[in-house]
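In what follows, a single structure is set out as C-alpha cells and then discussed.
The values are calculated or read from the model by the stated rules, or taken from the named source; none is laboratory data. Values in this document were obtained by computation on a predicted structure and should not be read as measured data. Heads up, the Cβs are rebuilt from the backbone with ideal geometry, glycines too, and the neighbour counts pull from every protein chain shown. Heads up: the accessible areas ignore ligands, DNA and RNA and are worked out on the full protein's heavy atoms, side chains in. Shrake-Rupley method; radii C 1.70, N 1.55, O 1.52, S 1.80 Å.
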Amino acid sequence: MPRRDDIRKILLIGSGPIVIGQAAEFDYSGTQACRVLMEEGYEVVLVNSNPATIMTDPEVATATYIEPLQPQAVTQVIERERPDALLPTLGGQTALNLSKELHELGVLRRYQVELIGADYEAIARAEDRERFRDTMTAAGLRVPRSAIAHSVDEARAAVEQVGLPFIVRPAFTLGGSGGGVVTSERELERLVGRGLAISPIHQVLLEESVLGWGEFELEVMRDGGDNVVIVCSIENIDPMGVHTGDSVCVAPQQTLSDRAYQELRDQAIAVIRAVGVQTGGSNVQFAVSPDTDEVVVIEMNPRVSRSSALASKATGFPIAKIAARLAVGYTLEEIPNDITRATPASFEPALDYCVVKWPRFAFEKFPGAEPGLTTHMKSVGEAMAIGRTFKQAFAKALRSRELDARPRFEESLEALMESVGRPGAERFDRLLEAIRRGASVDELHARTDIHRWFLNEFAELESGPRRLAGERTFKAVDTCAAEFEARTPYFYSSWERPPRMGQVRSRNGGPTPSEAAPAARGTAIILGSGPNRIGQGIEFDYCCVHAAQTVRESGRDAVMINCNPETVSTDYDISDRLYFEPLTLEDVLAVCEAERLGAFEHNGSAGANGRRRLEGIVVQFGGQTPLKLAAGLHAAGVPILGTSVEAIDLAEDRSRFGPLLDRLGFKAPPYSTAQSVDEALERAADVGFPLLVRPSYVLGGRAMEIVYSLADLADYLERAELEPGRPIYLDRFLEDSIEIDVDALCDGSAAAGGGGEVWIAGIMQHVEEAGIHSGDSACVLPPHALGEEMLAQVRAQTAAIALELGVVGLLNVQFAIHGETLYVIEANPRASRTVPFVSKAIGVPIAKLACRLVLGERIADFDLPQSTANGHVCVKEAVLPFDRFAGADALLGPEMRSTGEVMGIAADFPTAFAKSQAAAGSNLPMGGTVFITVTDGDKPAATGVASMLHDLSFRIVATRGTAQAIRKMGIPVETINKLGEGSPHVVDWIERGDVDLVINTPVGTGARAEGYEIRAAAVARRIPCITTMAGGMAAARAIAAARRGAPEVRSLQEIHGERPRQAEPMTAKIT
Amino acid sequence: MTDAAAYVMLEDGARFDGVGCAADGIAVGEIVFTTSMSGYQEAVTDPSYAGQLLVFTYPQIGNYGVRDDAMESDRIHARAAIMRAAVDRDDSPGAQQGWLSWMKAHRVPAITEVDTRALVRHIRSQGAMRGGLFPGQMSERQARTLIEAEPPMTGRDLVPGVTSEERTVFEGGPGTRIAILDTGVKRSIVSELRSRGVTVELHPSTAGAHQLLENNPDAVLLANGPGDPGALGYIVEVVRQLIGRVPVYGICLGHQLLCQAVGLETYKLAFGHHGANHPVKDLDTGTIEITSQNHGFAVLGPDGSPTIEGDEAIRWETEYGAAELTHINLYDRTVEGLTLCEVPAATVQYHPEAGPGPHDALHLFDRFVEGARAA
Ligand SMILES: Nc1ncnc2c1ncn2[C@@H]1O[C@H](COP(=O)(O)OP(=O)(O)O)[C@@H](O)[C@H]1O
Ligand SMILES: Nc1ncnc2c1ncn2[C@@H]1O[C@H](COP(=O)(O)OP(=O)(O)O)[C@@H](O)[C@H]1O
Ligand SMILES: [Mg+2]
Ligand SMILES: [Mg+2]
C-alpha cells in the first residue's frame, strides 16, 4: 500500500516533561516520527509541554505548541489547526491516555480527526487491564490469575482467588506507578489504597504472583498488510518482580532454547493481532517459568516505549521512524532498511553482539525513601553498552553508569548475601562482590532466582583476566550480522584476535579489521552526557544534538560518543559516525585513536587517504560528564575545541575563581574550602551562618545543605558520605535573596586572539528564592521584577566574567540579589540546563551559535537581534518525582531533585505561570479550600496570599499561629489542629479530601522536619503543595488569571514570526 | 575441552586464530555462516550441513546446553563449529548435556574466540570457500595442502552419506500416507507431518519411482539435503517419473530437484542463505513470511536469470503444463517457491518446518497434507 493522500495534516502529541517511567526515549521516537512525516510531505502539528526536547525545535514540525498536555489545550490546538489525523502512539502513556480522553470527550469526532496507528478500541483493549486479560484469554493465551477491585474491600474479597503474595496494578498509570507486591493483609490496605488513588479510573488489578520467573520482552511491528516482524528480544537479568525499567537487561535473549523462543515469538504475534494495533510497534512482556518453560503474558504497550527505543539502538532498526511510515499507509516491504539500503524493513534483525542496559538510580537524593526495587519503576535514566560477548558488554555497562560514589559493601558475607537477596540499586555490585568473596553460583541462584547462565558469566568475569585477549577494534551495528554491507556508520569497540590476511587483499583487511569508514573531511568529536540522572538530563542531549548538526553544517564530519540509549544524540542519523561507548577517558581516547588513524583502506594498508583530520573534541555541551574528561584529553594531546581546559579550571576551582571575582571587583558570598571535617568546623565561624555546605565537584547540588549552627554542621558532616581527599565547600547562605540565571555567548577575550564579544541570550529570574536549586525552581524570562539598572549590572558582570575566563562558546552564570546587592554564586563554562528553554523563549538556537563559535566563528559574524523581547512571557517549571519515593520529604532545597521541566508561554506572567503549573501536573484549584501553615518569618507574606485567595472566594483554614496573623488583617479564616493537637487534625483534613491547596513553608531542614507529614499527605493525595511564599504568591496570581478563562494557545513558529498568525477561532469549550 | 591454540584457515590464505574446544583434531570442508541467533544444536545436526564447517555469527553459543528433542538427525553433520564465545553449561533447565562436551562426545572439533565477524565479512566479500580448522601447532603449509585436497562443493553429491539405509515407516495415523525421498531429511519435517496424522515412509535416496509408490502413498515429499543439486541427475530422473502420477512436494533440496525436473537450472550462491530471518513473499497472496533458510545453491528463473524483478508470479510452459514461480526472497529476489498448475506439485526453497527458526510457514504442511488427501 502506498502513502495515504487523503490526509494532509497530522497531529502528534509528545510525552511532556521527563518523569520516572517516561523519559528522553520519547524525544527520540517523537523526533523521528515528526521528521519522517515532514519528509513524506505532511504538515505536522506537535503539542508537547517539554521545552528541553529536540522534538519541540521549530524546524522539526510545521506548527509546534508548547502547551499543557491536557484536553482543554489540545482541543484548542485542534480547533485552530484542524488536523486530519492524530498519531497517538509516539508520545508514551501520556499521549495515549490523552488521545483516549479526546475521543471520549467527542473532540475527535467533532473535528473529524482520525486516530491512525492504533484506534480507540485497540488502545482500550491494551490499556484497560481487565479488557486486556479477556482479550488474551479469548486468543488462547495464558495470563496470571487476577481480579479487578474498585475498593479495598473488593480487594480483600479477591485474595482467595489470587492468593498471597499478589501484585497490585493500577489501571492507566505510567511505569507501574502505584503498583507493588502485597505479601500480607496489612500491606493490602496500604498498597491497594494507594493504587486506587493513583489510577485515573480508580481501578486496580490484583494478580497472581509469578515472582522469580524469567522476564522477557519482544518488540513487535505490524503493517497494514498484516505482516508482523519481531525486531528484538530483551531478557531481564532481574527476574519478575523488578520493573523492566529498573532491571539490568540483555538483548537478544540469552537463556531460551530456539523452541522456547519461537513459542514467545508466536505468542507476541498473536497478542498484537488480538489487541488489534493496526500498524506500528508494540512491546509485549512475558514471564517464563524457569523450570517448565510455561509462559504467561504480562502486558503489551500498543505504542513505542522505553524498550522500543532500546531495541532500536540495540539492533539499528529504527522502530519509531518505521512506525510513522506504517501509520500513513506504507507496508514494511515498501520501506528500505536504512542500514543496508539494499534490503527492505520486512525482516528481523540478526545481532552478532550483545547489548546490556543498565538503569541509573537516584535514591541518594531522597533520604527516607523505601530503598528497594519493585514493580513500580524508580530509575531516572539508563546506560547501554554493546560488546561482542556478554562479558564485554556487561563490563562496559558497569563503566557506563558513571556512579558518583563507589558502592559500600556490608562487612560480613552473611549481611552481604542478605542484601544480594533484596533487589536494590546496587544489587549487581554486591553480587559481584559476593562472588569475589567466594559465594557460589548455587547460593546466589537460591538467593536471587537470577538464571544460572548469567551467574556463571559473572563468576567468569571476576575470575577471568582483567585485560581481554586481543586488540581493541571497532565493529559496526548493521542489523544483519554482516550478511550485507552496512552503510550506516554506527560503531562499538570490541577486543578481538587480529586475523592474518596472508597475501589476500580483502575489504576488511589490515592488522585489526576496524570497520570505521575513512572520512574525507575534517572531523570534530562531540562528547555526550551519558546516562540521564537528576541534575544532568535531556537538556544536555539537546545541546549535543545541536552541536552535531552545526559541525555537519560547517562541512566537517561530526562524531558522537555517548552511551545513553534513550536519546536523540545516539540516533545514527544525527552524526556522521556514532560510537556507542562509555564516557571514560580510556574509551574516549580509543575513539580518538580510531578517528586519527582512520580505517584501513580496502586494499588492507593504512594509506594516506585512509588518514583522518581529527580537529579536536567538543566538551561543553554534554554537561559535567565531558567537562570532567577535558583535562585528561588535553593531557593526552587531543585538542579541546572552544573554552580551554585552563578556562574551565579557572571557573570550577573556587580557589582560583574567588580571586578572579575579587580582581573584577564583584561580590561573592563569603566562602571557604576545608580539606577535613575538623577544618570545616573551624572555618565555619569566619564564613558565618547560615551556611551552605557541600562536597566539591558535584552536579545538581548533590548532598548540599543549609545549616544554621555548628551543631547542624557537625550533624551534616556526620551524615554526608564525604569522599576523603575531596574538599568541602562552605558558603555563607544568602537568605531571602532573588536568584538569577544567565546564559551568554562569548567568543574569547581579544587578548587571547578572540573576538572579545559577549552576547547575553537570556536572563531568568527564579520564582523561588535562592536556596532552592536552580534546577528545581520555576523561572521567568524576561525577568518580571527586576529594575533596569540591576539588569544592566547583571549583563555587565556576566560579560566581564566571560571575557576574564576566556570563554569560547556558552557560559552560564548564577547570581543572587541580596537586598540591593548582586552576588555571583557560580559560573559554569558550558551549556547549562536552561539552554533549550532560553532558545525556545527567544527564538534563537544558542547551542548552535555556541558551536559555531567553538569552530572558530565570531559573534560579529552573526546578525543577532538587539532585543530578544517578543511580547511573550515564558515560565519554566520543574517536575518532581516525590510520588515515586514514598517516605521522602516533598521539600525543595539546594539539592536538585527534579527529573524534568515544562514551559508555559503567555502574554503575561500569571497566565504563563498558570500554564506551567498545569503542564507540570500540579493543577491549581480554581476554588475550594486552601490550608496555610507557615514560619513566623513568612506570616506577613502569607496574609497577602490569603487575602488574594479570599477575594477569589477560597475557604481558608490554617494552624493557630498562621490563622491569628491572617485574622488580624480582617480575613475570615478557620483554625484547625496541628498534628500534635489531636484529630481531626490537618492530615485528617487532607486525607479526607477536604483540602484543595496546601501552602506550607518549612521550619528547619532534614528529612523529618515539621510539616513532613503534611507534605507527604498532600503528595499522596496529589494535592498541589507549595513550600515557598514566593511560589504561593505566584500561584494566587495564576489562579486569578486562570479564572478569567482558558488562555489562548500559540505555536512557536507564530511567536517567532516564522509562520503567519492563525486566525483565532472562538476558544474551544469541551462539552 | 582441549583449550589449546587453534586456527581457521581459508583456501585464499586468510587465517583466523582462536582456541580449540570440543574434540581435538582437524576439519576441512566448505566454510559457511549462519545468522540464526538460536538453535545451534538443530543446525549442526541438520544433514544439509554435511561437508561444511559452520560459522555462527551470533557470538554466544551453547547457552542452554543440548537436549535429545532438539536433534534434527541422529548425529552431527557439520564438520566443525566456529564460534566467538562458546560455553559448555548444562545447568540450564531442560539441558541434558553441555554443548561442547556433547560435540566432543560426537568427536566433532570446534573453535572459539575467533573474530567471527571479520571471518564472515571476508566470506561475504570473497564468497564461500574451502577451508579448515587446524591445531595451533600445525604449519600453514600443511593446512593448505589439506585444504587443496578437499574437493570443491560444486559438483559434489553428498546425499549417499546422509540418506537412510533402508525404508523406515513412522506411523502417524490411519488414512494419509506420505513417502519421503530421504536425501537427508530433518526430523522436524517428519514430525510436522506425523503431528497432522500422516504416516510417513522414509526411502533411501536410491529408491526408484516404483519403490516410492509401492504402498501407494497419497504424496511424495522431496526432502532437504546437502551438496550440489546439479550432481543429482539420477534423482531428478526419478522425480520426472513421479510428476503427474502422485502429488509431489519439496523442501529446499527437494525444491531444487523438482525445479530441475521441469527444466530449470541450479547455480551456486556466493555465500548461500543460512539463517532464520529471511523475508519471503508469497506472490499469490502478497503476504510476507520470516523464514528459516539453509541453502548454498538456488534455482535460475525460466529466463535463466537468478533474480525475479516483478511482483507477479512468473508463469511458463513446461512438459507438465504451466508452472509458476510462486515465492521470492525479498533480500536478494531469488527464487523461493514453485507450483505446477496442471498437476499437483509444489515446492519451497526455505524451511517451513523451522527447526530452528520462525513458525510463520508451518501452514504449508497443512497445504501439503490437504493436497495429498484431495488427490
Ligand atoms: N504477576 C506478576 N508477578 C510478579 N511480578 C510481576 C507480575 N506482573 C508484573 N510484575 C512485575 O512488575 C513490573 C511492572 O509490571 P507491568 O505490567 O510491566 O507494568 P508497567 O505498565 O509499569 O510496565 C513488570 O516488569 C514485572 O517485573
Ligand atoms: N551563597 C548562597 N546563598 C543562597 N543560595 C545559594 C548560595 N549558593 C548556592 N545557593 C543555592 O543552591 C543552588 C545550587 O548551588 P550551585 O552552586 O548552583 O550548585 P550546582 O553546581 O549544583 O548548580 C543554587 O541554585 C542556589 O539556589
Ligand atoms: Mg511493563
Ligand atoms: Mg547552579
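Whole-Hz ³J(HN,Hα) for each residue in the stretch B:318-327, computed from phi via Karplus 6.51 cos²θ - 1.76 cosθ + 1.60 with θ = phi - 60°, x for glycine and proline: what do you get?
10, 5, 9, x, 5, 10, 9, 8, 9, 10
Need one number: % antiparallel among DSSP beta bridges in the protein assembly as shown, to the nearest 5.
If we restrict to bridges inside the protein assembly as shown, about 65 percent are antiparallel.
Could you tell me the ratio Rg/Rh of the stretch A:797-919? Both radii from Cα atoms, Rh via Kirkwood.
My calculation of the ratio gives 1.01.
Averaged over every viewing direction, what's the projected area of the C-alpha convex hull for the stretch B:118-266? Give it in nm², one decimal, please.
11.5 nm²
Give the calculated FRET efficiency between residue A:975 and residue A:826 to the nearest 0.05, with a Förster radius of 35 Å applied to their Cβ-Cβ distance.
0.20
Any chance you could tell me what percent of the C-alpha pair distances in the stretch B:1-88 go past 21 Å?
27 percent
Per residue, how large is the accessible surface of the protein assembly as shown? Use a 1.4 angstrom probe and give square angstrom. Walk me through the numbers before you get to the answer.
Numbers: 46880 Å² over 1446 residues.
With all protein chains present, the protein assembly as shown gives 32 Å² per residue.
Return a whole-number percent for the relative contact order of the stretch B:3-139, with Cα pairs under 8 Å and 6 or more residues apart as the contact set.
36 percent
Nearest 0.05, what FRET efficiency do residue B:165 and residue A:1 give at R0 = 45 Å with Cβ-Cβ as r?
Efficiency for this residue pair is about 0.25.
Find the centroid of the Cα atoms in the stretch B:161-193 and in the stretch A:416-471, then give the distance between the two in whole Å.
Each part reduced to its Cα centre gives a spacing of 47 Å.
Between residue B:317 and residue A:991, what is the label-to-label distance in nm when each label sits 7 Å out along the Cα-to-Cβ direction?
The two pseudo-label positions are separated by 9.1 nm.
What shape does the stretch B:171-227 have by the C-alpha gyration tensor, where a ≥ b ≥ c are the square roots of the eigenvalues, rounded means a/c under 1.5, and otherwise prolate means a/b greater than b/c and oblate the rest?
Cα axes put the stretch B:171-227 in the oblate bin.
Could you give the Stokes-Einstein D for the stretch A:11-127 in µm² per second, using the C-alpha Kirkwood radius, 37 °C, 0.692 mPa s? Present the calculation step by step, with values, prior to reporting the outcome.
Values: Rh = 13.9 Å.
For these conditions, the coefficient is 237 µm²/s.
As a test of the definition: which semi-axes, in Å, follow for the stretch A:660-764 when you take the square root of five times each eigenvalue of its alpha carbon gyration tensor? Largest first, please.
Semi-axis lengths for the stretch A:660-764 are 32, 16, 14 Å.
Over its Cα atoms, what ratio of radius of gyration to 2.2 N^0.38 Å does the stretch A:406-450 give?
Working: Rg = 9.2 Å, N = 45, 2.2 N^0.38 = 9.3 Å.
Taking N as the residue count of the stretch A:406-450, the ratio is 0.99.
So if we plug the beta-carbon distance of residue A:189 and residue A:403 into 1/(1 + (r/R0)^6) with R0 = 35 Å, what FRET efficiency do we get, rounded to 0.05?
Once the sixth-power term is evaluated, E becomes 0.40.
So how much slack lies between residue B:154 and residue B:267, counting 0.36 nm per residue of separation and subtracting their Cα-Cα distance, in nm? Let's see the in-between values first.
Working: separation 113, 0.36 × 113 = 40.68 nm, distance 0.89 nm.
Going from the current span to full extension adds 39.8 nm.
Using a/c under 1.5 as the rounded threshold, could you call the stretch A:93-146 rounded, prolate or oblate? The axes a ≥ b ≥ c are square roots of the C-alpha gyration tensor eigenvalues, and prolate needs a/b larger than b/c, oblate otherwise.
prolate
Could you give the length gained on full extension between residue A:858 and residue A:714, defined as 0.36 nm per residue of separation minus the Cα-Cα distance, in nm?
On the way: separation 144, 0.36 × 144 = 51.84 nm, distance 4.99 nm.
Between residue A:858 and residue A:714, full extension yields 46.9 nm more.
For the stretch B:255-315 and the stretch A:120-199, write down the distance between their C-alpha centroids in whole Å.
Measuring centre to centre over Cα atoms gives 50 Å.
Just grab the label-to-label distance for residue A:463 and residue A:907, each label 7 Å out from Cα along the Cβ direction, in nm (one decimal).
Inter-label distance under the simple model: 7.5 nm.
Express the Stokes-Einstein translational diffusion coefficient of chain B in µm² s⁻¹, to the nearest whole number, given a Kirkwood radius over alpha-carbon pairs, 37 °C and a viscosity of 0.692 mPa s.
Once the numbers are plugged in, D ends up at 157 µm²/s.
Around residue A:723, what is the net charge, scoring Lys/Arg as +1 and Asp/Glu as -1 over all other residues with Cβ under 10 Å from its Cβ?
Net charge around residue A:723: 0.
Identify, among A:54, A:95, A:22, the residue whose Cα sits farthest towards the positive end of the charge dipole of the stretch A:1-114, taking +1 on the Cβ of Lys and Arg and -1 on the Cβ of Asp and Glu, with the dipole about the Cα centre.
A:95
Of the peptides B:284-297, A:409-422, A:124-137, how do they stack up when ordered by the mean number of other Cβ atoms within 10 Å, highest first?
B:284-297, A:124-137, A:409-422
Could you work out the mean count of beta carbons from other protein chains within 10 Å of each residue's beta carbon in A:264-277?
1
I need to check one value: relative contact order of the stretch A:75-169, counting alpha carbon pairs closer than 8 Å and at least 6 residues apart, in percent.
21 percent
Students often get this wrong: which residues of the stretch B:82-119 have the backbone nitrogen under 20 Å from the point 7 angstrom along Cα-to-C-beta of residue B:68?
B:90-107
At q = 0.15, 0.17 Å⁻¹, what is the log10 ratio I(q)/I(0) for the stretch A:262-342, with the Debye formula run over Cα points and no solvent?
-0.62, -0.77
Give me the net charge for the shell around residue B:41: Cβ to Cβ below 9 angstrom, other residues only, Lys and Arg +1, Asp and Glu -1.
Summing Lys and Arg as +1 and Asp and Glu as -1 gives -2.
Note down, for the stretch A:847-930, the three equivalent ellipsoid semi-axes (square root of 5 times each alpha carbon gyration tensor eigenvalue), biggest first, whole angstrom.
Values: eigenvalues 252, 88, 14 Å².
Listed largest to smallest, the semi-axes of the stretch A:847-930 are 36, 21, 8 Å.
Over 5 Å intervals from 0, what percent of Cα-Cα pairs in the stretch B:248-321 sits in each interval?
All Cα pairs considered, the percentages come to 3, 14, 20, 28, 26, 8, 2, 0.
Under 5 Å between amide H atoms, partner at least 5 residues away or on a different chain: which partners does residue A:978 have, H built in plane at 1.01 Å?
Counting only residues 5 or more places away or on other chains, the set is A:960.
How do A:857-867, A:1037-1047 rank on mean C-beta neighbours within 10 Å, highest first?
Highest-to-lowest ranking by the protection proxy: A:1037-1047, A:857-867.
Within the set of other residues whose C-beta is less than 11 Å from the C-beta of residue B:323, count the net charge using Lys and Arg as +1 and Asp and Glu as -1.
Charge balance in the 11 Å sphere: -3.
For residue A:596 and residue A:294 in one chain, what is 0.36 nm times their gap in residues minus the Cα-Cα distance, to one decimal in nm? Working shown, then result.
Details: separation 302, 0.36 × 302 = 108.72 nm, distance 5.22 nm.
Full extension of this stretch gives 103.5 nm more.
Ignoring solvent entirely, what values of log10 I(q)/I(0) come out of the Debye formula for the stretch A:360-509 at 0.10, 0.13, 0.20, 0.22 Å⁻¹ when each Cα is a single scatterer?
-0.50, -0.76, -1.35, -1.50
Relative contact order of chain A, please, whole-number percent, based on alpha carbon pairs below 8 angstrom and at least 6 residues apart.
10 percent
How would you rank A:478-491, A:142-155, highest first, on the average number of other Cβ atoms within 10 Å across their residues?
On the way: A:478-491: 23.0, A:142-155: 17.1.
With the highest mean Cβ count within 10 Å placed first, the list reads A:478-491, A:142-155.
Which whole number gives the average, over all residues in B:55-64, of C-beta atoms from other chains lying within 10 Å of the residue C-beta?
6
If every alpha-carbon in chain A counts as one equal scatterer, what log10 I(q)/I(0) does Debye give at q = 0.04, 0.08, 0.09, 0.10 1/Å?
Evaluating at q = 0.04, 0.08, 0.09, 0.10 Å⁻¹ gives log10 I(q)/I(0) of -0.19, -0.83, -1.08, -1.38.
When you look at the Cβ of every residue in A:342-354, what mean number of other chain Cβ atoms sits within 10 Å?
6
Rounded to the nearest 20 Debye, what is the dipole magnitude of the protein assembly as shown about its Cα centre when Lys and Arg each give +1 and Asp and Glu each give -1 at the C-beta?
Approximately 1340 debye in magnitude.
Can you work out the Karplus-derived ³J(HN,Hα) for every residue in the stretch A:858-867? Use 6.51 cos²θ - 1.76 cosθ + 1.60 with θ = phi - 60°, whole Hz, and x for glycine or proline.
Calculated HN-Hα couplings, in order: 10, 4, 4, 6, 8, 9, 8, x, 4, 10 Hz.
In whole Hz and in residue order, list the ³J(HN,Hα) couplings for the stretch B:359-364 that follow from phi through the Karplus curve 6.51 cos²θ - 1.76 cosθ + 1.60, θ = phi - 60°; x for Gly and Pro.
In residue order, the calculated couplings are 9, 3, 9, 3, 4, 4 Hz.
What spacing in nm lies between the two simple spin-label points modelled at residue B:125 and residue A:226, each 7 Å away from Cα in the Cβ direction?
Each label point lies 7 Å from its Cα, and together they span 4.5 nm.
Under the rule of at least 5 residues apart or a separate chain, name every residue whose amide H is placed under 5 Å from the amide H of residue A:484.
Under 5 Å from the amide H of residue A:484: no residue qualifies.
Hey, if you put +1 on the Cβ of every Lys and Arg and -1 on every Asp and Glu Cβ in the stretch A:433-474, which of A:470, A:455, A:439 ends up farthest toward the positive end of that dipole?
Checking the options against the dipole of the stretch A:433-474, the answer is A:470.
Does the stretch A:919-1045 classify as rounded, prolate or oblate by the C-alpha gyration tensor (a ≥ b ≥ c root eigenvalues; a/c under 1.5 gives rounded; else a/b over b/c gives prolate, otherwise oblate)? Don't skip to the end; give the middle numbers.
On the way: a/c = 1.42, a/b = 1.18, b/c = 1.20.
Rounded is the answer for the stretch A:919-1045, as its axis ratio a/c remains below 1.5.
For the stretch A:1034-1053 and the stretch A:202-235, what is the centre-to-centre distance using only Cα atoms, to the nearest Å?
41 Å
Of the GluC sites (Glu not before Pro) in the stretch A:710-742, which ones lie in a loop per DSSP and count no more than 15 other C-beta atoms within 10 Å?
A:721, A:735
For the protein assembly as shown, what % of the accessible area comes from carbon and sulfur atoms, probe 1.4 Å?
Values: 23520 of 46880 Å².
For the protein assembly as shown, the apolar C and S fraction of the accessible surface comes to 50 percent.
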